[in-house]
Amino acid sequence: MRLTKPVFRGDRRSFLRSGAGVLGVGGLLLSAPSLLLARQPWERLDVVRELLDGSEPSTTGIDLDLPLVSEDGSSVSLSVSVDSPMSDDDYVESIHVFGAGNPNPEIAAFRLTPAAGKAVVATRVRLNESQTVIAVARTSRGEMKVATRDVRVTVSGCLSRNGDSSAMGLDNPRVRVPPNPQAGNPAEILTLINHPMETGLREGEDGELIPKRIVERFQVELDGDPVFEAELYQAVSANPYLRFHVKPRAGELRFSWTEDTGETVEVTETLDPA
Amino acid sequence: MKHFITNRRETLKLLGATGAVAALGSWGVPAWSNGGPGHVVVVGGGFGGATAAKYLKRYNPALQVTLVEPVERFYTCPFTNLYLGGLREFESVGHDYRELKDRYGVNVLHTTAQDIDAAAHTVTLGDGSTLRYDRLVLSPGIEIRWDALEGYGEDAAEKAPHAWKAGEQTLLLKRQLEAMDDGGVFILSAPANPFRCPPGPYERVSMVAHYLKTHKPRSKVLLLDSKDGFSKQGLFMDGWAEVYGDMIEWVSLSDDGRVVRVDADRLEVETEFGERHQAGVLNVVPPQKAGWIADRAGVTDESGWVPIKPATFESTQVSDIYVVGDATVAAPMPKSGFVANAQAKVAAMAIVSSLAEREMPPASWANTCYSIIAPGYGISVAGVYSVQDGAIAEVEGSGGISPRDADPDFRRREAEHAVGWYNAICQDTWGTRPA
């Protein structure tokens, strides 16, 4: 039986109450000229414009999927898929996800290699309010792709407002690797770890802010070669969940989660293609 | 119901205006053709549809109203969990349409609606005939997404019932509980949001635990959840610990509670990370979408649910079609019978107003969800909603939830209020009174 306090609720009022003091002007960083010129949602976010670095992104060949309406902003399913051969000379090397209406717009950054086989990643995220979510992918050839999705966040009157974790630190890492994946067919890998993903924006019962404590990095290697890596921010939901792919070849998969305290947990699994 | 839509003066003003043009259209002839005030067809006779039919006639008795509902006796989902717990007879949740026919003059057709042609404004019925409408109300409830959970098709539901539509499925689940060995495991798989009746799975395991504690005390209840939080969670978990000790175990999404595969023959489920659980009785509450006739009408979006205009509950996609109840995207209002009833009154007022070419008064809605944890142990959550900045939102400071630290007397009174609520809303919707 676990009963804990909400970590980061999908309720704007309570969030602002706890977050306003720390954030001051918030993380949107709107500057007047960019606002005037902005025609697309991604042009309104400084972090995204920096990432694009002047290049004109394509809006095709990338898909960002989130529910149109989410009844619980503390855990919203998100997936990004990018059309790519994922070959040694043409692959998606990074996918960045932003929430324009969150106190800190960065949600997560994923780094992929050709060993991933497929540029499809999924996780669960915290959305503070109704907003536009933006995904930016960069290929090894320097092409940029962008997708946006407007999400309405509401909290149902009959629904709870948690989605929190009683875990104190890195707890119960779970991995699902298909038992005998078909060679040549990228295998879907699921991972989950129990962790509170404390935002540093939430007050405890004593009225003091609970210090930030998050899993900030997740790495996957196959026999020492990097396959997939994720950089996580406060907007990844408690108990980070990640779904991605690996091109099957016999070897040992090593998964590691690293907290911002420096603590790391590792799990290994054998990959045994049919 | 006391919060419902509008102040009485405005309603009366409006009724006066529409009453002036009232002239009953003769049956079977499209109302517009003889200058009558209009023909409204309502599809679905649950909380939303029956309420819509009744209130259309109350707001303008001259309207021609046809209700299309296959069954002559409708069983509500609310309070079926009490039947499963042994607190009620199944017939006590059944309601008929006599008041709508006899007192309000609604033409009730006990047949199915097979298709809707929005351009022609027609509904095709089970016998192939068509009804023309000026305005259409759809209250189609939910449809199970038979393709959304591996191994859980319609055949599987005969072995591992969902019992999420009251009727044969409810009776099947009850028979299975009665046949289960003492010491067996009852497993309920709860879906991700949104789904019909957010507190429903948690009340269900409470009532099943009550039945098992009474008759099969060595049994266990395992609740595998696709969510990390649920409605009235703290109150439910306090109540479970207090009344049932460790009989009920809840496994959250983040503890690998999401069921991804069902083997109905073996009564076995598999979770996302490969855990397998064997049940004595397996109750799968599967992912859902709007009732299928909503698809035929073209009012659903990619989510499978129906987006509506908040102030009127008219479809955003098809004009002259109003949709109420569980099928709609009306969050933060929950998918509850109470809400369907309140939405139906708003849609009825919107229709009466639009046919009379009058502006309708601003809408507001109320909801209370009672849940019974054990006999004499009730909890509730309530809210009031209005349109704010073009979207439905909870009215600041309205509603609330039962206190965590209430005494047994408070819980007992809430259980009594729950029965009062059920009797009142059924009387408001179908005109039926407790036997």
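The values are calculated or read from the model by the stated rules, or taken from the named source; none is laboratory data. Given the structure is predicted, the values throughout are model-derived calculations rather than measurements. Virtual Cβ from ideal backbone geometry, glycine too; neighbours counted across all protein chains shown. For the accessible areas, the whole protein counts, side chains as well, though only heavy atoms, and no ligand, DNA or RNA atoms are used. Shrake-Rupley method; radii C 1.70, N 1.55, O 1.52, S 1.80 Å.
With respect to the conditions (1) over 20 Å from residue B:190 (Cβ atoms); (2) touching a strand residue (DSSP E or B) at 6+ places or on another chain (Cβ under 6 Å), residue B:318 falls short on a single one, namely (2).
Residue count for the stretch A:231-261, restricted to those that are within 14 Å of chain B (Cβ to nearest Cβ) and open to solvent by 30 Å² or more (accessible area, probe 1.4 Å): 1. Determine whether residue B:153 is small (Gly, Ala, Ser), on the phi < 0 side of the Ramachandran plot and part of a loop (DSSP other than H, G, I, E, B). Taking the combined requirement at face value, the residue satisfies it. Candidates in the stretch A:189-206 are the residues that are open to solvent by 10 Å² or more (accessible area, probe 1.4 Å) and without any contact (Cβ under 8 Å) to a residue 60 or more places away in the chain; of these, the one that is farthest from residue A:241 (Cα to Cα) is A:206.
Please enumerate the residues belonging to the stretch B:235-265 that are more than 30 Å from residue A:123 (Cα to Cα) and either touching a Leu at 6+ places or on another chain (Cβ under 9 Å) or within 10 Å of another protein chain (Cβ to nearest Cβ) (or both).
Taking the stretch B:235-265 as the starting set, the residues that turn out to be more than 30 Å from residue A:123 (Cα to Cα) are B:238-247, B:265.
The answer is B:238, B:240, B:241, B:244, B:246, B:247.
Pairing each residue of the stretch B:268-280 that is over 15 Å from residue B:252 (Cβ atoms) with any residue that is in a strand (DSSP E or B) and of a type in the set (Gly, Ala, Ser), provided the two are 6+ apart or on different chains, yields C-beta distances under 9 Å for B:269/B:189.
For residue B:160, the criteria (1) assigned to a loop (DSSP other than H, G, I, E, B); (2) open to solvent by 30 Å² or more (accessible area, probe 1.4 Å); (3) aliphatic (A, V, I, L, M) hold in every case but one, which is (2).
Quick check, is residue B:192 free of Cβ contacts under 8 Å to residues at least 24 places away in the same chain, within 14 Å of another protein chain (Cβ to nearest Cβ), surrounded by fewer than 19 Cβ atoms within 10 Å (Cβ to Cβ) and on the phi < 0 side of the Ramachandran plot?
Numbers: free of Cβ contacts under 8 Å to residues at least 24 places away in the same chain: no; within 14 Å of another protein chain (Cβ to nearest Cβ): yes; surrounded by fewer than 19 Cβ atoms within 10 Å (Cβ to Cβ): yes; on the phi < 0 side of the Ramachandran plot: yes.
So residue B:192 fails the test.
Scan the stretch B:202-220 and give yes if some residue there is within 13 Å of chain A (Cβ to nearest Cβ) and on the phi < 0 side of the Ramachandran plot, otherwise no. Yes, because at least one residue in the stretch B:202-220 is within 13 Å of chain A (Cβ to nearest Cβ) and on the phi < 0 side of the Ramachandran plot. Within the stretch B:300-332, the set of residues being open to solvent by 20 Å² or more (accessible area, probe 1.4 Å), more than 14 Å from chain A (Cβ to nearest Cβ) and among the β-branched types (Val, Ile, Thr) comprises B:312, B:318.
Of the numbered criteria (1) within 12 Å of residue A:235 (Cα to Cα); (2) away from chain B (no Cβ under 14 Å), the one residue A:110 fails is (1).
Scan the stretch B:232-251 for residues that are over 12 Å from residue B:203 (Cα atoms) and of a type in the set (Lys, Arg) and the total you get is 0. Scanning the stretch A:219-268 for residues that are more than 17 Å from the chain's Cα centre (by Cα) and farther than 23 Å from residue A:86 by Cα yields A:261, A:262, A:263, A:264, A:265, A:266, A:267, A:268.
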